[in-house]
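Only one structure is covered here, and it is reproduced in the block below.
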Amino acid sequence: MNDIEQTTRRLADETSAKQGRHEVDGRDLVSLSAGWAANKCAAAADAGGQLAQMTFALAEGMEGWGARAQQRFAGAVAKLCAEIAAKHPEAPGDAIREAFRWTGWCHQGLHGSGTVLRVRLQGQGAPAKQQREALEDAFGRVLLRELVTPEALDVAYRASRHDGTGYWAAQWHGVRAKAMAEVFPSGLPNKTQIRVRFSYSPW
């Protein structure tokens with residue numbers, strides 16, 4: 001657990017924010033709430049905003065559904081994000097994103113939190129079924145170890161396919177390189193490709 005996660009969980013205690021697991025998918029509630037709030041703050045920081053703009057973005061996003069304890073927690077996360085952004089004026093939004101990477105950015109998924117990552121090793125050089133499936137599983141485990149959730153991987157993969165620049169695209173290229181080095185240290189078998197697909201289900 002890094003310092004930002006420790007601080008965030010302490011803030012959840014102090015503000016009486018919901019803790020435990022989501023009743024449907026078992027996701028950690030502090031990670032979900034903190035990731036959502038940090039994402040809003042990062043977007044505000046990208047646009048040059050500071051604490052006031054972050055707080056406004058959170059209030060606007062929580063209008064009609066945020067309980068008081070959750071609003072207090074979001075406000076505390078905003079202050080933490082503003083402190084992080086102030087220390088990294090050259091890229092404040094990305095600094096916030098990196099600090100809250102541990103949340104897995106579940107909120108980023110476009111299809112709820114039922115995203116499933118599927119890795120496929122295809123081509124003439126692909127090994128026999130049992131070895132192929134073991135390699136596919138290993139590749140997926142490395143990706144998830146680095147970006148925590150399928151939702152975060154989905155967003156990073158989409159960003160890399162869209163324009164190839166920015167924080168999320170860089171995350172994808174980085175984690176893919178780590179997975180390749182760890183699972184295929186000698187490179188992919190000749191005439192073989194790694195394909196990544198995502199499937200979705202509602203909450």
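Of note:
- Taking a sphere under 13 Å around the Cβ of Leu58 and counting the other residues whose Cβ falls inside, with K and R at +1 and D and E at -1, yields a net charge of +1.
- Proximal lysines to Lys79, defined as alpha-carbon separation beneath 18 angstrom and excluding residues fewer than eight positions away on the same chain: Lys40, Lys87
- Rolling a 1.4 Å probe over the protein heavy atoms of the chain, with every protein chain left in place, gives an accessible area that is 50 percent carbon and sulfur.
- In plain terms, the bigger the Kirkwood radius, the slower the diffusion; for the stretch 3-103, with that radius from Cα pairs, at 10 °C and 1.306 mPa s, Stokes-Einstein puts D at 119 µm²/s.
- Between Glu90 and Tyr200, the simple spin-label model (points 7 angstrom out along Cα→Cβ) gives 3.6 nm.
- Low-density loop positions, chymotrypsin sites (Phe, Trp or Tyr not before Pro), the stretch 8-80 - DSSP coil, at most 13 other Cβ in 10 Å: Trp65
- Solvent exposure of the stretch 115-200 amounts to 55 Å² per residue of accessible area, where only protein heavy atoms count and the probe is 1.4 Å.
- Rounded to the nearest 500, the helix-only mean residue ellipticity at 222 nm of the chain stands at -19500 deg cm²/dmol, with each DSSP H run of n ≥ 4 adding -39,500 (n - 2.57).
- In this label model, His173 and Ala134 are separated by 3.3 nm, measuring between points 7 Å along each Cα→Cβ vector.
- Across His88, His162, His22, the residue with the most accessible area heads the list, and the full order at a 1.4 Å probe is His162, His88, His22.
- Histogram of C-alpha separations across the chain, 10 Å bin width, %: 9, 32, 33, 18, 8, 2
The values are calculated or read from the model by the stated rules, or taken from the named source; none is laboratory data. Because the structure is predicted, anything quoted here is derived from the model rather than measured. Note that each Cβ is placed from the backbone with ideal geometry, even for glycine, and that neighbours are counted across all protein chains shown. Just so you know, the surface numbers come from the protein's heavy atoms only, side chains and all, with ligands and any DNA or RNA stripped out. Shrake-Rupley method; radii C 1.70, N 1.55, O 1.52, S 1.80 Å.
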